[in-house]
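Notes follow once the structure below has been shown.
The values are calculated or read from the model by the stated rules, or taken from the named source; none is laboratory data. Keep in mind it's a predicted model, so treat the numbers as computed, not measured. As a convention, Cβ positions derive from the backbone with ideal geometry for all residues, glycine included, and neighbour counts pool all protein chains shown.
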Amino acid sequence: MDLSKHLEKAAEAVKRRAYPLAIDIYTKLLAMQPDSGEARAGLREALFKKAGTKAPSRLVAMIGGGVHLLTGFLCR
């Protein structure tokens, strides 16, 4: 089964920043052909780019950074 058209469609969705659409297409492709390396690489790229667009939580940033700042202050 030739999946090149679907792979191109998903790659275009990533370029347009339509990450949910691209992730949906890649997961469906992997359900049909689990050994498709191109689909796995595309899915990984789409997931990383989707996660990169989300701003980090202020609470997590304050706890993560605050612990290190407090430790450094106490050690000094």
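Data for the structure
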read-out	value
Residue in region 46-65 that is surrounded by fewer than 10 Cβ atoms within 10 Å (Cβ to Cβ) and in contact (Cβ under 8 Å) with a residue 24 or more places away in the chain present	yes
Verdict on Ala39 being at pLDDT 95 or above and not in a loop (DSSP other than H, G, I, E, B)	no
